[in-house]
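This report concerns only the one structure given below.
The values are calculated or read from the model by the stated rules, or taken from the named source; none is laboratory data. The structure displayed is predicted, hence computed values, not measured ones. Note that we place each Cβ from the backbone using ideal geometry, even for glycine, and neighbour counts take in every protein chain shown. Protein only, heavy atoms only, side chains kept; ligands, DNA and RNA dropped before computing areas. Shrake-Rupley method; radii C 1.70, N 1.55, O 1.52, S 1.80 Å.
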Amino acid sequence: MDHMIFQVGTALLLVTAASLLAGKLKFSIIPFLIVLGMLVGPHAPVIGLFDLTFVESQSIISFLGRMGVLFLLFYIGLEFSVSKLIKSGRNIVFGGTVYVVLNFLLAMVYGFLVHFPLYETLIVAGMMSVSSTAIVAKVLVDLRRTGNSETELILGMILFDDLFLAVFLSVMSGLLLGGATSVGGVLLSVGISMGYMLVFFIIARVGPPLLNKLLNITSSEIFIIVVFSLLFFIAGFSETLHVAEAIGALLFGLALSETEHSKRIEHLVVPFRDFFGAIFFFSFGLSIDPLTLGDAAWMAIGAVLLTVVSNMVAGWMAGRQAGLTYKASTNIGLTIMARGEFTIIVANLGISAGLMPLLKPFSALYVLVLAIVGPLLAKESKSVYGGLNRIFKWSSTKEKANIENK
């Protein structure tokens, strides 16, 4: 145990160094932490007392990373009100549908073009159709865009995307693992997921008076114990209903977003969000062996380019249909571009079912590139929009007056 704690402490020092470097260079810390995780791990050396393989402590680091995802999504949920999301319901359904369908169909075509068999093609299409909820949340927080006009639509599209993921995983589990899921079982699973989400929307609409009384706790110590206990319980319970634990955290945040205690909770959550969120991205990098990436390089790069194009088109379509400016619509496409934890979940389903071994390095490289490129493009969205605007001549006098600074 002493060695394990020392390893975790060493990992935290490395995370600190990478974060300081990112801050000095004024970049998002996400790509720095992912690359750092790749540089160490099982293939790294042991230097004296410093075991950079992190083999003994990897399970603890991974668990701390999962906590980071929960805090990230919980915070994002607190930033929004369900009433605003409901008002944007039609735009969310349209944007989410365009996003999922466009990415899925283009990925299917790409899978056949690179001569993947049917099941492998379906898995690749699923991988390329789901954004990283954790990275999207981190980007919105890092770039201080939680109050932007397009962010409510981004959040809604992410929720829609996760509903698609639940359906996709249910169907593919039945196809690949054999007889585990009937048509009725799939419909039941999807119905439970939708009903579970609906419960939290109802609580957020009619429950604030009761929640205000329950959370009227003077002691900050007891207050944070109550809130965090409920957060982890709800996240864990969500998984038993086949709803991602991260979505459970997001829904809980949404349920508390319209209470009079929301700002107090946000203030308490921020340090945990930043600390454990950093560990998540380091842990993700730790799971990638860079020596396995070469075999799938050209296919992964092709998939990355296709994802960039399809996400930009989907962002423009969703944003413009919602009445947003081209700049805000460009922000949508760039923000939802990152791929991460959910893509890996889809890939692992195919790997566990004995599909092509190439899926593992393909998924790792695809996720790595977009986990780095996505946040960087989102950070430089103003420059990206400026370049595209010179080509497409979007700006009118009216739109120039409405262009946001962020």
Q) Applying 1/(1 + (r/R0)^6) with R0 = 30 Å to the Cβ-Cβ distance of F392 and V114, what FRET efficiency is obtained, to the nearest 0.05? A) 0.50
(Q) Which order do you get for I234, I61 if you rank them by accessible area with a 1.4 Å probe, largest at the top? (A) I234, I61
Q. In the set (i) 21.1, 65; (ii) 22.1, 70; (iii) 21.2, 70, which value of Rg and Dmax of the Cα atoms in Å was calculated from the structure you see?
A. (i)
(Q) What is the sum of charges, Lys and Arg at +1 and Asp and Glu at -1, for the other residues whose Cβ falls under 14 Å from the Cβ of V226? (A) +1
Q: Take peptides 212-225, 362-375, 259-272 and line them up by average Cβ neighbours within 10 Å, highest first, as a rough protection proxy.
A: 362-375, 259-272, 212-225
Q) Along the charge dipole of the chain, Cβ charges K/R +1 and D/E -1, which of F63, A322, I158 sits furthest on the positive end? A) A322
Q: Could you tell me what % of all Cα pairs in segment 228-313 have separations over 19 Å?
A: 63
Q. Counting Lys and Arg as +1 and Asp and Glu as -1, each charge on the Cβ, what is the dipole of segment 24-138 about the Cα centre in debye, to the nearest 20?
A. 580
Q) Counting only heavy atoms of protein chains, what accessible area per residue, in Å², does segment 95-148 have with a probe of 1.4 Å? A) 33
Q: Give, rounded to the nearest 20 debye, the magnitude of the charge dipole that the chain has about its Cα centre when Lys and Arg contribute +1 at Cβ and Asp and Glu contribute -1 at Cβ.
A: 1500
Q. Ignoring ligands, DNA and RNA, how do L105, L230 rank by accessible area with a 1.4 Å probe, largest first?
A. L105, L230
Q) Mind listing the phi-derived Karplus ³J(HN,Hα) values for segment 54-70, rounded to whole Hz, using 6.51, -1.76 and 1.60 with θ = phi - 60°, and x for any glycine or proline? A) 6, 5, 5, 9, 4, 5, 5, 4, 5, 5, 4, x, 4, 4, x, 4, 5
Q | For E56, solvent-accessible area (1.4 Å; no DNA, RNA or ligand), Å² | A | 100
(Q) If you count only protein heavy atoms with a 1.4 Å probe, what accessible area per residue comes out for segment 248-308, rounded to a whole Å²? (A) 38
Q.
Please report the carbon-and-sulfur percent of the accessible area for the chain; probe 1.4 Å, protein heavy atoms only, DNA, RNA and ligands left out.
A. 69
Q: Give the shape of segment 252-406 as rounded, prolate or oblate, defined through the alpha-carbon gyration tensor: a ≥ b ≥ c are the square roots of its eigenvalues, a/c under 1.5 means rounded, and otherwise the shape is prolate if a/b is larger than b/c and oblate if not.
A: oblate
Q. Just by accessible area at a 1.4 angstrom probe, what is the order of T16, T325, T330 from largest to smallest?
A. T16, T325, T330
Q: Under 15 Å Cα to Cα from K360, which aspartates and glutamates show up? Leave out anything in the same chain fewer than 8 places away.
A: E120, D289, D295, E341
